Structures are given as C-alpha cells and as structure tokens.
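Below you'll find the structure, written out as structure tokens, and then a few comments.
We did not get these values from a lab; they are worked out from the coordinates using the rules stated. The shown structure was predicted, so the numbers you read here are calculated from the model rather than taken from an experiment. Neighbour counts are summed over all protein chains in view; Cβ atoms, including those assigned to glycine, are modelled from backbone coordinates with ideal geometry.
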Ligand SMILES: Cc1ncc(COP(=O)(O)O)c(C=O)c1O
C-alpha cells in the first residue's frame, strides 16, 4: 500500500510532487510542525498538540490553516487512509507560497501538509527494555526553542553526531554546562539524591507533550520532583536518566558519552513513568 500525504487540500501518494518551489517552508524553513503519537488507531494528547500548534503559529505571526475542527478531520482522514494503528502523525504548516523575499505579507495562505507512519508497539517495548545511549553536544540553537519550528538544522546535526557515534540521541549542553534537551526529546534525570528533575519550560526547550503529561503523573506517583535545570555532571552522577518524546514516550538512557548511568540498565522510575503514560492511552475517547 503506498503511503498517502495530505498536501494543501489534496490527499495524494507521498511520492507525487506537491510542494511548490516558492513555499516559504521550503525556502526559509518558515513554518511549524507537530508530531502526535497514534495508539490503537487513536491520537494521543490531541488537544495539547493542537494548543501547542496554535502557540507556535501565534509566536510566528501565522494564522491557523483552517479551523481546529476541520484540522482534526484531516488528521483522522490521514490516519485512516494510511491505516495507522500504532505510529505517528506529522503535520506541518508553512507560511505559504510567495516570490522569494524575506519579508512576508499578512494575507499569505498557510500550506498544511500531513503524513503518517507506523511504529510498532514491539519497537517501543524494545526501547524500554534495552534503553538508549546518548552523547553530549553543544547546544547551537536560537533563543526561541519553545516554538516548534521546522528550522531544525542544529537538531539534525546533533542527531547525526549521535548516529556517527553509534548512539541514538544527543543531549544538548548550553554555555553554562547545563543540559537543555535532546535533539528531538526532552531530558530528565533521577539525580544522585533521588530527586526527579527536568528543565523548566523556558525559551531554551520545547515544552514536550509527553513532558507535560508526565508532570501531571509525577504528583500521583508521589515522586520527589524539581523542575530545575541540571548539568551534564549531574546527569553523569544520576541514578537514572531518560528522554521523552511522542515518538516513543519514554526512552531510558543507559549511558552518556560512554559513561554508564546507574547500573547501566533502564531505571525503575523511567519504567514507572512509561507505564503511567500508557494508562493515558486506555482513557482515550474514540476517534
Ligand atoms: C527539540 C525537541 N524537544 C522535545 C521534544 C519532545 O516533544 P513531544 O513530547 O511533544 O514529542 C521534541 C519532539 O519532537 C523535540 O523535537
């Protein structure tokens, strides 16, 4: 079955031409995106993703491409046409198409693109079981990482460095030696004193949806928790480290820069939070 993309009003095979050369997303990375997890054919945390999409668009002075209700219909139809039960839905909104110049006209019509792809539940289970390894890299990004912008070059380079080092993720380190976040994940530790920590959602990180959901779970699980930046040294000395993102929810980190974290195995708090996140799936309304 060929994959189907939604491109500016048309559902079409993914490999057919669709984007125009003067789309500002293509020429300037002038756009935003969202990635939603799909489980049992249903979208996880849909409202939060749509809230964040609106936040990113507003921050860049862009309108929604259509009403929220219409967008939700396209999301469901894209999943249906691709028969996705477990996987991710990608949606991107660019500012629109115009002759290439840096300034933009407020009347531009945004271009909406959606794609979907499967990720098996077994793959998620395998990551929880085996964990991932991470390297640290300097954070080379801009001052508005809270916007889910499609301008991802530093993240691309960070992830490629990880791949070149034969590991799965790169944690980015700011000028003060503090961990900001992964190339495409938020970063967490259970510090040497047993306190769960993640960086506050300031302009230096994306306020991840899994991060937001887990913050709600932390109180229920009665974990000691601080929303406070931590350094690379804190992470190396931590009992546990893990990353979070919609693609896989929780990724236990078993080593950083070749140093074993804790006993070098996925930690119990990461597992607890992953299980807590999985219960969200069970409470989902029908699409
Ligand atoms: C830079 C960055 N941080 C964090 C995340 C995690 O966000 P979410 O939990 O919404 O997937 C992502 C996901 O793409 C990301 O790209």
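Points worth noting:
- Cβ crowding within 10 Å averaged over residues, with 226-234, 118-126, 270-278 ranked highest first: 270-278, 226-234, 118-126
- Longest to shortest principal axis, alpha-carbon extents of segment 124-282, angstrom: 36, 31, 28
- Evaluated over the Cα positions of segment 4-119, the convex hull gives a direction-averaged projected area, one quarter of its surface, of 6.9 nm².
- Per-residue packing, averaged as other Cβ atoms within 10 Å, sorts the ranges 260-268, 217-225 into the order 260-268, 217-225, beginning with the highest.
- Average silhouette area of segment 84-201, convex hull of alpha-carbon atoms, in square nanometres: 10.8
- 0 to 90° range, to nearest 10: angle between helix 268-282 axis and the chain longest Cα axis: 30
- Rounded tilt (10° steps) of 153-164 against the dominant C-alpha axis of the chain: 50
- Residue among 259, 102, 49 with the largest mean-square fluctuation in a Gaussian network model of the chain, springs linking Cα atoms under 10 Å: 102
- Segment 4-58 shape via C-alpha gyration tensor axes, a/c threshold 1.5: oblate
- Shape category assigned to the chain from the gyration tensor of Cα positions, a/c cut at 1.5: prolate
- Net length available on complete extension from residue 103 to residue 77 is 5.9 nm, with 0.36 nm assigned per residue and the Cα-Cα distance removed.
- In the chain, helical runs assigned H by DSSP with n ≥ 4 each contribute -39500 (n - 2.57); averaged across all residues and rounded to the nearest 500, the mean residue ellipticity at 222 nm is -9500 deg cm²/dmol.
- Spin-label model, residue 203/residue 227: points 7 Å from Cα along the beta carbon direction are separated by 1.8 nm.
- GNM result for the chain, Cα springs below 10 Å: residue of 182, 87, 194 fluctuating most strongly: 194
- Angle in degrees between helix 46-59 and the longest Cα principal axis of the chain, rounded to the nearest 10: 70
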